[in-house]
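Quick notes on the structure that follows.
The values are calculated or read from the model by the stated rules, or taken from the named source; none is laboratory data. Treat the numbers as computed from the prediction; the structure is a model and nothing was measured. All Cβ positions, glycine included, derive from the backbone under ideal geometry; neighbour counts span all protein chains shown. For accessibility, only protein heavy atoms count, side chains too; no ligands or nucleic acids. Shrake-Rupley method; radii C 1.70, N 1.55, O 1.52, S 1.80 Å.
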Amino acid sequence: MLNTQAKGLLLDTTRCIGCGACALACKERNGLPKTADVVLEDKLSDKTFSTVNQVGNRYVRRMCMHCATPSCASACPVAALEKTAAGPVVYHESKCMGCRYCMIACPFGIPKYEWEKKAPLVRKCDLCADRLAKGLKTACATACPTGATTFGDREALVAEARARFAANPGRYREHIYGFEEVGGTSVLLISDAKPEELGYPAGLDGTPPPHLTWRVLNIIPDIVMTGAVLLGGIYWIRNRRDEVEAAEGHHDASTKGH
Amino acid sequence: MPKLALPRLTFWRGVLLAILAAGTYATFLRVFKGLAGSTNLTDAFPWGIWIGFDILCGVALAAGGFTISATVYIFNLEKFRPIVRPAILTAFLGYVLVVVALLFDLGRPWNVWHPLVMWNPHSVMFEVGWCVTLYTTVLALEFSPVVFERFKMTKTLHVLHVIMPILVVLGVLLSTLHQSSLGSFYLIVPTKLHALWYSPLLPVYFFLTALTLGCAMTIVESFLSHRAFGKELEMELLVPLGRVALLILGVTAVIRFADFRHRGILGLPFAPTYESRLFLAEMIIGVLAPALMLALPKVRQHRTGLFLSALLIVMGVVMNRLNVSITGMERSSGEIYVPAFTEIAITLSVVGVGFLVFALAVKYLPVFPEHEMKDARPPVAPDALHVAAQPIRSLPMPAIAVVALAFVAAGALGADGVRRREVVPGPPAPAGTPALAAALASFEAPAEMTFPQAPDSPGPVSFRHASHVDASAPDCLSCHGNSYSFLGRTQAPPAGLMHDTKHCGGCHDGTSAFSVEDDCTACHKSE
């Protein structure tokens, strides 16, 4: 399960005023170019790792959820994506061969690709792993003036979310998105609306998707051993019969292959 | 001096030349313009036909290699020996071409060897990478006797003959693993792949369809070799393969029915949607029609009937792989994917090169060894030759009707499906201005900050967000959007320059706000 000390973020749409500070602070920290005239109209891309958009009549952030059991890291054939003990899912770009299976696998559609480049890389939020290592908050949480993005230990954030539910009856749809979804995520979301009304994928259950794959991969050694014995045995029996036939002097070719 | 004779330009050679020319141009675009300049792939739809057809279908179409080698070497059905070599050659070429196609698709193809060194045993693709590498080596070894025979290297041949059973067992195991694992690729996306194709049984379906396809491709290849190289048609071998294909088709259909019943989606294929229409088309072409044909002995034993049945199976599996990788993934992606000209040109070229190399190999290597064919062939049943000589017009009427109906039905369903093609609606569009009262109550201006003091300054200056920000409508970006860092990275302005228009003086000019030259004590606090 999640390391309780792992850092995370609590996103609260009821506190967001749509100032765009988080998105701009993210660009600043990652040295990314401006990609939209109006910050609130920006879309996630290889040059934008975090957005805040108006969805319906709320302001909603999108960024990497930093899953406890990330599909991207499970899918990556070269272990270029890694869930660190500190919380962030980080990307070791020198390993990447560009198969883009992480993009297929991610249930939130987060990893983006540098399609225009001749040596493209996958780009996404890394939860400011270097800032966390220095004991700093993420750039977005540092910039947020309302507590719509709160940084902390995941366990403390869950407690904070429940405290907000308790202190403000009727303000929230009392569900912490990311507490159970896909086995838990380091980024949690609370709101008065359903996830699908916020543009977040709905219908994610508590099973981490990588477990669906591992169930099958895990039995490969059994398949190999059983298969080898079975096929070897069939070979032995089928060919032994020929040898016996040859030794006994049966040369009737028509009995072969039945 | 011997005159070099150019091959005669036939229709098919002309087609091949045109395809290869387009492929060369497409390769140029891929190399110099990157993936953006050569594909219609996007962040929402990152896998196109280079994965869906070249890889998923390519590997499946090469399944004849392990099916036939297992039949001959493990099950000891010697009569199939004459078709072992062409089957293994096709498989080997297939895998080499799959790797070539993969190099086009990979963003950083020069790192293609990484999975062999940088392990992630939890990744299906890691497992497939290893299996395909090992199996291609096994296929090369299985085919190598043909090359060694050509150069009469008897010692090497003997060694290979001894280890052949081990190679074949290894080949069958590796094929079982990666044929099924191509289906396992999609196990990780239960919320993205449409329920008609997403199933916990994906690996089972992929393996069973690969087996069926192994039989069907062997039949199709034999017919094509018969036409191209004048090889005699081994009807007494191919008809049993057709029966095996029918058996596996039936088993797969029963498993699929049970799977759908348990998941409670038996009615889903008949919903009026894009996905359901294409699913039905896949079932009609790939399962229903070939099963009906192969079930009729008269059709099964008819050379054209058998060929058409096998061709339907091949088409059905291709449709299945494209449905899984493209049709089934479209709705959740929110985009409609249509391959670019470049993607199609590369794909056709890969197929074309496959045909070309196969033809060259058959010409220069003993792929169809005459002595083996004579030795292995059991006594020909009197009517077998008669059967093999039947022309197409003698194909039983029901068979012609089945093929015609299947194509008409699948075509109509496909066309209706494409007409209904739509993507899932995105998040709701912005509606009005969000009510911010509750959110603004949480607004907390950042702490006060004190600037460094110049020697001639009348007193230190502190900047208070509270007095600069309208708490009822904070506009963070009016200052932070341009000059001031959110992360404290902005260098404190050199002492003495605060009155400058780039700093406090920019707004405190006497117009927007009181001037920096007005009242010193308004900002400079004396200690």
**Request:** Please name the residues of the stretch B:113-129 whose accessible area, counted over protein heavy atoms with a 1.4 angstrom probe, falls by no less than 20 Å² between the chain alone and the full protein assembly.
**Result:** B:H114, B:P115, B:M118, B:N120, B:P121, B:H122, B:S123, B:V124, B:M125, B:E127
**Request:** Quick one: what are the phi-derived ³J(HN,Hα) couplings along the stretch B:107-118, Karplus 6.51/-1.76/1.60 with θ = phi - 60°, whole Hz, x for glycine and proline?
**Result:** x, 10, x, 5, 9, 4, 7, 3, x, 6, 10, 9
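Summing +1 for each Lys or Arg and -1 for each Asp or Glu, what net charge is found among the other residues whose Cβ lies under 15 Å from the Cβ of A:R58? Mind showing how you got there, number by number?
Working: positive: A:R15, A:R61, A:R62, A:R171, A:R173, A:K194; negative: A:D12, A:D192, A:E196, A:E197.
My count for the surroundings of A:R58 gives +2.
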**Highest average packing first - A:5-18, A:125-138, B:355-368, Cβ atoms within 10 Å** = A:5-18, A:125-138, B:355-368
**Computed [θ] at 222 nm, deg cm²/dmol, chain B (DSSP H ≥ 4; -39,500 (n - 2.57); rounded to nearest 500)** = -18000 deg cm²/dmol
**Request:** At q = 0.05, 0.06, 0.09 Å⁻¹, what is the base-10 log of I(q)/I(0) for the protein assembly as shown according to the Debye formula with one equal point scatterer per Cα and no solvent? Please give it to two decimals.
**Result:** -0.36, -0.49, -0.91
**Item:** Gaussian network model of chain A, Cα within-10 Å springs - most flexible of A:R173, A:R238, A:R123
**Value:** A:R238
**Message:** Please give me the summed charge of the neighbours of B:R277: other residues whose Cβ is under 11 Å from its Cβ, Lys and Arg +1, Asp and Glu -1.
**Reply:** 0
**Calculated on alpha-carbon atoms, Rg and Dmax of the stretch A:4-129 in Å** = 14.7, 42
**Item:** Translational diffusion coefficient (Stokes-Einstein; Kirkwood radius from C-alpha pairs) of chain A at 20 °C, 1.002 mPa s, in µm²/s
**Value:** 102
**Message:** At q = 0.32 Å⁻¹, what log₁₀ I(q)/I(0) does the stretch A:94-140 have when each alpha carbon counts as one equal point scatterer in the Debye sum?
**Reply:** -1.11
**Asked** Which loop-located chymotrypsin sites (Phe, Trp or Tyr not before Pro) does the stretch B:111-219 contain, where loop means any DSSP state but H, G, I, E or B and the Cβ has at most 14 other Cβ atoms within 10 Å?
**Response** B:W113, B:W119, B:F151
**Prompt:** Got a number for the accessible area of A:H175? Probe 1.4 Å, square angstrom, nearest 10.
**Reply:** 70
**Request:** Please determine, in degrees from 0 to 90 and to the nearest 10, the orientation of helix B:154-184 with respect to the longest principal axis defined by the Cα atoms of chain B, where the helix direction is its Cα long axis.
**Result:** 50
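Write down the accessible area per residue of the protein assembly as shown in Å², having rolled a 1.4 Å probe over the full set of protein chains. Kindly include the intermediate steps, with their values, before the conclusion.
Details: 36510 Å² over 785 residues.
Result: 47 Å² of accessible area for each residue.
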**Unpartnered cysteines - no second Cys beta carbon under 4.7 Å - across chain A** = A:C16, A:C26, A:C67, A:C76, A:C96, A:C99, A:C106, A:C128, A:C144
**Request:** Taking the Cα centre of the protein assembly as shown as origin, sum charge times position over the Cβ atoms of Lys and Arg (+1) and Asp and Glu (-1), and report the length of that vector in debye to the nearest 20.
**Result:** 2220
**Request:** Just tell me how shielded A:24-37 is by partners: mean number of partner chain Cβ atoms within 10 Å of each residue's Cβ, no decimals.
**Result:** 2
**Prompt:** Given H placed on each backbone N at 1.01 Å, which residues far from A:L188 in sequence or on other chains put an amide H within less than 5 Å of it?
**Reply:** A:L9, A:L10, A:L11
**Asked** Interface A/B, total buried accessible area with a 1.4 Å probe, nearest 100 Å²?
**Response** 6700
**Request:** Please compute the net charge surrounding B:L174, taking Lys and Arg as +1 and Asp and Glu as -1 over other residues with Cβ under 13 Å from its Cβ.
**Result:** -2
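Compute the FRET efficiency between A:E180 and B:E335 as 1/(1 + (r/R0)^6), taking r as their Cβ-Cβ distance and R0 = 45 Å, and round to the nearest 0.05.
Numbers: r = 29 Å, r/R0 = 0.65.
It comes out at approximately 0.95.
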**Message:** Residue by residue through the stretch A:222-228, what is 3J(HN,Hα) from phi via Karplus (6.51 cos²θ - 1.76 cosθ + 1.60, θ = phi - 60°)? Round to whole Hz and write x for glycine and proline.
**Reply:** 5, 4, 4, 5, 4, x, 4
**Item:** Shape box of the stretch B:175-305 [Cα atoms, principal axes, largest first, Å]
**Value:** 51, 30, 23
**Complete:** Computed ³J(HN,Hα) along the stretch A:33-48: with the Karplus parameters 6.51/-1.76/1.60, θ = phi - 60°, integer Hz and x for glycine or proline, the list is x, 5, 10, 8, 5, 10, 3, 6, 9, 5, 10, 4, 7, 5, 10, 9
**Request:** Could you pull out every Cys in chain B that lacks a partner Cys with its beta carbon under 4.7 Å away?
**Result:** B:C57, B:C131, B:C215, B:C479, B:C504, B:C507, B:C520, B:C523
**Request:** Post the alpha-carbon centroid distance, the stretch B:81-153 to the stretch A:187-247, in whole angstrom.
**Result:** 22
**Request:** On the protein heavy atoms, probe 1.4 angstrom, tell me the percent of accessible surface of the stretch B:436-516 carried by carbon and sulfur.
**Result:** 56
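Ignore the peptide's own chain and count Cβ atoms of other chains within 10 Å of each Cβ in B:430-442; give me the average, rounded.
On the way: counts 9, 5, 3, 3, 12, 3, 7, 0, 6, 13, 3, 2, 11.
Taking the mean over all residues of the peptide, I get 6.
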**Prompt:** Roughly what angle does helix B:274-283 make with the longest principal axis of chain B, taking Cα atoms, 0 to 90 degrees, to the nearest 10?
**Reply:** 20
**Asked** Where the accessible area of the stretch A:78-156 is counted over protein heavy atoms with a 1.4 Å probe, how much of it, in %, is carbon and sulfur?
**Response** 53
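Would you work out what percent of the accessible area of the stretch B:188-270, with all protein chains in place, is carbon or sulfur (probe 1.4 Å)?
Numbers: 2300 of 3300 Å².
Carbon and sulfur atoms account for 70 percent of the accessible area of the stretch B:188-270.
Using only alpha carbons, build the gyration tensor for the stretch B:53-184 and give me the equivalent ellipsoid semi-axes, biggest first, whole Å. The partial results should precede the final answer.
Working: eigenvalues 149, 51, 39 Å².
Equivalent ellipsoid semi-axes, largest first: 27, 16, 14 Å.
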**Message:** Among B:T304, B:T67, B:V351, whose Cα projects farthest towards the positive end of the dipole of chain B, with charges put on the beta-carbon of Lys, Arg (+1) and Asp, Glu (-1)?
**Reply:** B:T304
**Item:** Ellipticity estimate at 222 nm from DSSP helix runs (n ≥ 4, -39,500 (n - 2.57)) divided over chain A, nearest 500
**Value:** -9500 deg cm²/dmol
**Prompt:** Where the centre of each part is set by its Cα atoms, how far does the stretch A:3-67 sit from the stretch B:17-53, in angstrom?
**Reply:** 33
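Kirkwood Rh over alpha-carbon pairs of chain B, then Stokes-Einstein at 4 °C and 1.567 mPa s: what D in µm² s⁻¹, rounded to an integer? Don't skip to the end; give the middle numbers.
Working: Rh = 28.0 Å.
Approximately 46 µm²/s, per Stokes-Einstein.
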